[in-house]
Amino acid sequence: MSIADNLRKIRRELPEHVELVAVSKTKSNQEIMEAYEAGQRVFGENKIQEMTEKWETLPRDIEWHMIGHVQRNKVKYMAPFVSLVHGVDSLKLLKEIDKQGRKHNRVIPCLLQIHIAREETKFGLDEQELQDLLASEEFRKCRWVKVRGLMGMATFTDDEEVVRREFHLLKNMFDTLKNLLPDVGILSMGMSGDYHIAVEEGSTMVRIGSSIFGER
Ligand SMILES: *Cc1c(COP(=O)(O)O)cnc(C)c1O
């Protein structure tokens with residue numbers, strides 16, 4: 001099946017209110033243009049340099065999402081154009097994004113990444129760290145970032161119940177946050193292997209790579 005066929009199939013499966021981020025990391029401009037010509041406008045990358053190079057050469061109406069772990073010293077490169085930063089996992093990083101947003105005179109939309117998986121290797125805040133961040137004076141002073149919601153990755157396992165439980169936990173945290181902050185409406189959860197479960201558990205944004213572009 002072609003990239004356009006894959007996209008059509010996935011869009012048909014997703015409810016109207018769920019946004020599809022096409023994860024194009026390691027994929028060529030030509031492959032991205034195939035998806036673009038099939039109507040896709042939102043793409044996700046996990047390396048700032050690669051995303052910036054693609055932003056420079058590809059059509060300007062593409063929305064670029066940074067879905068990977070963010071190094072603070074590279075925030076400045078994406079600050080002029082990034083549409084959504086999914087992986088914000090510390091106050092320090094949020095403050096750097098705020099600083100770069102101010103420099104470029106734009107408010108940068110962000111998601112806070114929550115650690116829900118069993119694997120230690122995955123990044124993110126736990127529930128207490130989230131509460132501490134939100135309660136801090138420094139967070140309230142950040143005028144150039146807008147927290148739009150939460151992002152999380154489930155454990156990589158065939159055990160559906162584990163995945164479902166983790167997504168469910170994240171959804172609960174999201175609902176709590178929604179009552180606290182006015183601009184919160186995005187729950188980014190679900191990848192090629194688990195997006196059906198994520199959508200059932202309340203995801204509003206899925207990040208799908210290999211089911212669209214093939215294996216990396
Ligand atoms: C690579 C990646 C994805 C997409 O993974 P697929 O399994 O190819 O769909 C989603 N989210 C993050 C954070 C990623 O790094």
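What ³J(HN,Hα) values, in whole Hz, does the Karplus curve 6.51 cos²θ - 1.76 cosθ + 1.60 give for segment 194-203 when θ = phi - 60°, with x put for Gly and Pro?
Those phi angles translate into 9, 5, 4, 5, 4, 5, 4, 8, x, 4 Hz.
How many nm is it between the label spots at GLU160 and ARG216, if each spot is 7 Å from the Cα in line with the beta carbon?
If labels sit at GLU160 and ARG216, their model points lie 2.7 nm apart.
Cα centroids of segment 34-54 and segment 13-27: how far apart, whole angstrom?
Computed from Cα coordinates, the inter-centre distance equals 11 Å.
DSSP H helices in the chain with Cα extent of 20 Å or more along the helix axis and mean Kyte-Doolittle hydropathy at least -1.0?
Passing helices, by number: 160-180.
Rounded to the nearest 20 Debye, what is the dipole magnitude of segment 1-115 about its Cα centre when Lys and Arg each give +1 and Asp and Glu each give -1 at the C-beta?
The dipole magnitude comes to about 540 debye.
With each run of n ≥ 4 DSSP H residues scored as -39500 (n - 2.57), what mean residue ellipticity at 222 nm is computed for the chain after dividing by its residue count and rounding to the nearest 500 deg cm²/dmol?
Helix-only estimate at 222 nm: -12000 deg cm²/dmol.
Using the Kirkwood radius over C-alpha pairs as Rh, can you work out the diffusion coefficient of segment 130-216 via Stokes-Einstein at 25 °C, viscosity 0.890 mPa s, in µm² per second?
My calculation gives 173 µm²/s for D.
What FRET efficiency do you get for ASN29 and ASN73 if R0 is 30 Å and r is their Cβ-Cβ distance, rounded to the nearest 0.05?
My answer for the efficiency is 0.70.
Output ³J(HN,Hα) for segment 68-79: one whole-Hz value per residue in order, computed from phi by the Karplus curve 6.51 cos²θ - 1.76 cosθ + 1.60 with θ = phi - 60°, and x for Gly and Pro.
x, 5, 9, 8, 4, 6, 10, 4, 4, 6, 9, 3
If the only charges are +1 at each Lys and Arg Cβ and -1 at each Asp and Glu Cβ, what is the size of the charge dipole of segment 145-209 around the Cα centre, to the nearest 20 debye?
In debye, rounded to 20, segment 145-209 gives about 440.
As a test of understanding, state the convex hull volume per residue of segment 5-83 from its alpha carbons, in Å³.
In segment 5-83, the Cα convex hull volume per residue is 98 Å³.
Report the semi-axes of the equivalent ellipsoid for the chain in whole Å, largest first, where each axis is √(5λ) for an eigenvalue λ of the Cα gyration tensor.
26, 23, 14
Laboratory data are not the source of any read-out in this text; all were calculated from the coordinates shown. In this text the structure is predicted, and so the values were computed from the model without any measurement. All Cβ positions, even for glycine, are placed from backbone atoms using ideal geometry, and neighbour counts span all protein chains on display.
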